[in-house]
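J.: Got a structure for you, written out below as structure tokens; questions coming shortly.
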Amino acid sequence: MQQENHIYKVKDVVRVLEDFAPLGIQEKWDNSGLCIGSGEDKVSSVLFGLDCTPELVDEAVACGADMIITHHPLIFGGLRQIRPEDPVGSAVMKAIRAGIAVYAAHTTADKVVEGVSGAMARKLGLQQVSILDEEADGHGLGMVGDLPEPMDCRLFLEKVKEVFHLQSMRASRPLEGKVSRVALCGGSGSSLIRNAMNSGAQVYVSGDISYHHFFTPADFMILDIGHYESEIEIVDILFSLIKKNFPNFAVRITRNIYSNPIFYF
């Protein structure tokens, strides 16, 4: 797509992002899209991260990035005040002062097959994969698929910890039998537990699961691997997408990649 000496604008980058994850498929409560900047702004350097923190904006300024692309929206709910003491307010102020455009592909990237949940399925090597909660337009949240071969539950738990680089995870009572079918959803997935059970999966892998959901039937198990841990792969996916379409861009993933606000002790 890149042409020599061609000057690109934010809208050109947005077009590629939304060809991959259309803005119109986002959840009604979401705020995906361009939240700071103009589509007419020039861009030649992009910085990627999962969250648009003040530190990420500082890094964008330091490396000369014109645009930040994240999974989580910087502005999620209504802002009544924009103050430097607040992390969101600080990031907004810094981005505007530096003239940096900020874009988020949130539930848009959750609802495409090659997005968040699809990346989880690929990590686990699932086959015959389909969307867990498919909508009429063919998009939807979550994925479900089959392991290449049934696995002992304990071995499957170790595999999950290995492929998602987990220190620990929260789980319901381990299954007595083997695991052959797995459902998953990146981020906060409590709303799809019933879908996972109805899909025939023995295990549902997601994040932000509340206490009472861990009371599961004997033939069904829930794994909470963490919100951040289940979604972080999308940063590499978005990075590769822009790098492929704009090969002369200076694109980079944040050096402060660990923006997880949850710490484990």
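The values are calculated or read from the model by the stated rules, or taken from the named source; none is laboratory data. Since the structure is predicted, the reported quantities are computational estimates derived from the model, not experimental observations. Positions of Cβ are backbone-derived with ideal geometry, glycine not excepted, and every protein chain shown enters the neighbour counts. Only protein heavy atoms, including side chains, enter the accessible area calculation; ligands, DNA and RNA are left aside. Shrake-Rupley method; radii C 1.70, N 1.55, O 1.52, S 1.80 Å.
J.: May I ask you to say which residue of G145, G118, G125 is free of Cβ contacts under 8 Å to residues at least 40 places away in the same chain and either closer than 27 Å to E55 by Cα or in a loop (DSSP other than H, G, I, E, B) (or both)?
T.: Every option except G125 fails the conditions.
J.: If you go through segment 202-218 one residue at a time, do you hit one that is modelled with pLDDT under 95 and open to solvent by 40 Å² or more (accessible area, probe 1.4 Å)?
T.: Within segment 202-218, one or more residues are modelled with pLDDT under 95 and open to solvent by 40 Å² or more (accessible area, probe 1.4 Å).
J.: Only one of (1) in a helix (DSSP H, G or I); (2) open to solvent by 50 Å² or more (accessible area, probe 1.4 Å); (3) among the polar types (S, T, N, Q); (4) touching a strand residue (DSSP E or B) at 6+ places or on another chain (Cβ under 8 Å) is not met by S240, so which one is it?
T.: Of everything listed in (1) in a helix (DSSP H, G or I); (2) open to solvent by 50 Å² or more (accessible area, probe 1.4 Å); (3) among the polar types (S, T, N, Q); (4) touching a strand residue (DSSP E or B) at 6+ places or on another chain (Cβ under 8 Å), S240 misses just condition (4).
J.: Any residue in segment 85-105 that is of a type outside the set (F, W, Y), open to solvent by 10 Å² or more (accessible area, probe 1.4 Å) and under 20 Å from S191 (Cα atoms)?
T.: Within segment 85-105, not a single residue is of a type outside the set (F, W, Y), open to solvent by 10 Å² or more (accessible area, probe 1.4 Å) and under 20 Å from S191 (Cα atoms).
J.: Would you point out which residue out of S199, S180 is buried (at least 19 other Cβ atoms within 10 Å of the Cβ), farther than 26 Å from I262 by Cβ and among the hydroxyl-bearing types (S, T, Y)?
T.: Values: S180 fails: buried (at least 19 other Cβ atoms within 10 Å of the Cβ).
Every option except S199 fails the conditions.
J.: Counting only residues that are within 21 Å of D236 (Cα to Cα) and not in a strand (DSSP E or B), which one in segment 32-53 is most open to solvent (accessible area, probe 1.4 Å)?
T.: Ranking the qualifying residues of segment 32-53, first place goes to S44.
J.: Name the single residue, out of those in segment 1-51 being charged (D, E, K, R) and more than 24 Å from the chain's Cα centre (by Cα), that is farthest from V251 (Cα to Cα).
T.: Going through the qualifying residues, I end up with E40.
J.: Can you find, within segment 13-31, the residue that is least open to solvent (accessible area, probe 1.4 Å) among those that are out of contact with any helix residue (DSSP H, G or I) (no Cβ under 8 Å at 6 or more places or on another chain) and part of a helix (DSSP H, G or I)?
T.: That would be V14.
J.: Right, L192: open to solvent by less than 60 Å² (accessible area, probe 1.4 Å), part of a helix (DSSP H, G or I), under 28 Å from F48 (Cβ atoms) and aliphatic (A, V, I, L, M) or not?
T.: Details: open to solvent by less than 60 Å² (accessible area, probe 1.4 Å): yes; part of a helix (DSSP H, G or I): yes; under 28 Å from F48 (Cβ atoms): yes; aliphatic (A, V, I, L, M): yes.
It is true that L192 is open to solvent by less than 60 Å² (accessible area, probe 1.4 Å), part of a helix (DSSP H, G or I), under 28 Å from F48 (Cβ atoms) and aliphatic (A, V, I, L, M).
J.: Exactly one condition in (1) open to solvent by less than 50 Å² (accessible area, probe 1.4 Å); (2) assigned to a helix (DSSP H, G or I) is false for L166; which is it?
T.: It fails just one condition, (2).
J.: Looking at (1) of a type in the set (G, A, S); (2) in contact (Cβ under 8 Å) with a residue 24 or more places away in the chain; (3) in a loop (DSSP other than H, G, I, E, B); (4) open to solvent by 10 Å² or more (accessible area, probe 1.4 Å), which is the only condition A136 fails?
T.: The failed condition is (2).
J.: Hey, among the residues in segment 219-264 that are hydroxyl-bearing (S, T, Y) and touching a helix residue (DSSP H, G or I) at 6+ places or on another chain (Cβ under 9 Å), which one's farthest from S180 (Cα to Cα)?
T.: T254
J.: Could you pull out the residue among I69, I75, I82 that is β-branched (V, I, T) and farther than 22 Å from L23 by Cα?
T.: Testing whether each residue is β-branched (V, I, T) and farther than 22 Å from L23 by Cα leaves just I82.
J.: State all residues of segment 54-65 that are in contact (Cβ under 8 Å) with a residue 12 or more places away in the chain and either under 17 Å from T107 (Cα atoms) or surrounded by fewer than 23 Cβ atoms within 10 Å (Cβ to Cβ) (or both); if no residue qualifies, say none.
T.: Within segment 54-65, P54, E55, D58, E59, V61, C63, G64 meet the criteria.
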